[in-house]
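Computed from the coordinates by the stated procedures, all read-outs in this text should not be read as laboratory data. All values derive from a computational prediction rather than experimental measurement. Please note: Cβ atoms are built from the backbone with ideal geometry, for glycine as well, and neighbour counts cover all protein chains shown.
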Amino acid sequence: MSDQLPRKESSLRPDHVEDLSQASQASGQVQEVSRAVRLALRKLDLIVIPLLTSIYLLAFLDRTNLGNARVAGLQRDLHLDDLKYRTALCVTYVPYILSEVPSNLIIKKLGPKRYLPALCLSWGIISTLQCVVHNYAGLIACRFLLGAVEGGLFPGLGAFSGLLAAAIENLDGIRGLEGWRWIFILEGTFTILWAFVAYAFLPNDPKAANFLSSTQIEEKLTILRNDVDLVDSHAISFRNVLSVFTDLPIVCVWVTSLCSGCSLYGLGYFTPTIVQSMGFDRTRTQLMTAPPYAAAVPITFLASWISIRFQSRGLPMIATYMVALTGAIMFLLGRSLAVRYSAIFLLLIGIYANVPCQVSWVPNYTAGHVRRATGIAMTTVGVNVGGIISTWIFPSKDAPFFRFAAAFLVGTNVLAILATCLAMWLWSRRNYQKQHRDYRQAVLGNISEETLAKQLELVGDAHPDYLYVL
């Protein structure tokens, strides 16, 4: 929570100094921890983060490999017209959205060690079973179930889909199976195996991390307790839930999430189709989809570092949206293969580099467990609504230039830039209002003698000492 803590204690009233010193102590814990805790954090980074990243990667691959399977002949072999194929894409998102909230409740009950590997195992089996579908109904059933079990995860990575599909498609004809069936078999089977790896190494919480010493566990738990006790109450208040939907800056972030979802999933599903329409054969098409995603990886890390280094979310988002907008304009106006392929690079770089800043914006700028959880769920739904929209903007009849889709992406990126600017202005205006003594009296009123934790529970990020970093 260090992003929101006051920068000048001299502007605080004396009766808040004790509470805010607790806030400062909690937010500064990580900088003052012992060598043992630094080692513990490093171990968590080296073990837990790669495990979770791999799960996100596999989820994304298993959800979007339908685009690679289409290039490999799925649509032809199952006798699907364009409408049926796009419906198969779209149907994934309905259970995906509906299962997100129940999934969050279940994971609290079962714990991540059991629940996340179980999800991974489930969608791995479902993804693999797509290899045996022989008609439209079977494909719809698999995609619906896939969306239901993947609803507990947010999409992460996609750079390897094309490379894997190109290699796997060379198995076309082996054991009498088409190449697209092998894509589902091998990628799904690997997901199943990885579920057991995740179960073996993923801890439920720091206390269950057998790679940490007892000292490291206790000190890490102290940090977490201080941080959680400072700002998070788990009491559910309908007023706090409703306040998120009427909070204009968060609504602006929801708009940016929807716009990003249109690009993320539209390109995730249709980049192979776009590249194939440029005249490449099937294997070369699969290979040519990988470089744009690979190029987005270092830029995404760079954008994240800049955001942290300069304590800003909005400006990196605007910059990355501008890159994506440039790509969309090039794709709309370009005629040559080189220009259109370069446009895909800029589109994917801009959209994916934007994701870390975007997904951290609402958690950073909402205080209180209920408001934060509601805001995160709201923006995640926005991304998935964008995913539903994206399945309908790349009709095959528009190949090879896909003018409608290109114009649509120009519009969504412009809208995202405007929404980001508006959110930044609104949060900046609130920071200015919080500097006035009248604001403190109006917001805190008769709760001014309560602890900071209690005040934050009651008024959330409207608290006068809760400042937004733009």
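What to note about this one:
- Shape call, segment 255-309: gyration tensor on alpha carbons, a/c limit 1.5: oblate
- Protection proxy ranking, highest mean first, for peptides 422-435, 135-148: 135-148, 422-435, where packing is the per-residue count of other beta-carbon atoms within 10 Å, averaged.
- Residues in segment 409-420 carry Karplus couplings, in order, of 5, 4, x, 5, 6, 5, 4, 5, 4, 5, 5, 5 Hz; the curve used is 6.51 cos²θ - 1.76 cosθ + 1.60 with θ = phi - 60°, and Gly or Pro positions show x.
- Taken one residue at a time, the phi angles of segment 49-66 give Karplus couplings (6.51, -1.76, 1.60, θ = phi - 60°) of 4, x, 4, 5, 4, 5, 5, 4, 4, 5, 4, 5, 4, 5, 7, 9, 5, 5 Hz. Gly and Pro are set to x.
- Trypsin sites (Lys or Arg not before Pro) restricted to segment 296-404 and DSSP loop, no more than 15 other C-beta within 10 Å: Arg335
- Among 240-253, 265-278, the order from most to least packed when residues are scored by Cβ within 10 Å on average: 265-278, 240-253
- Computed 3J(HN,Hα) for segment 73-88, one whole-Hz value per residue from the Karplus formula 6.51 cos²θ - 1.76 cosθ + 1.60 where θ = phi - 60°, is x, 4, 4, 5, 5, 8, 6, 9, 7, 4, 5, 5, 5, 5, 5, 4, glycine and proline marked x.
- Likely footprinting exposure, Trp392, Trp123, Trp194, fewest C-beta neighbours within 10 Å first: Trp392, Trp194, Trp123
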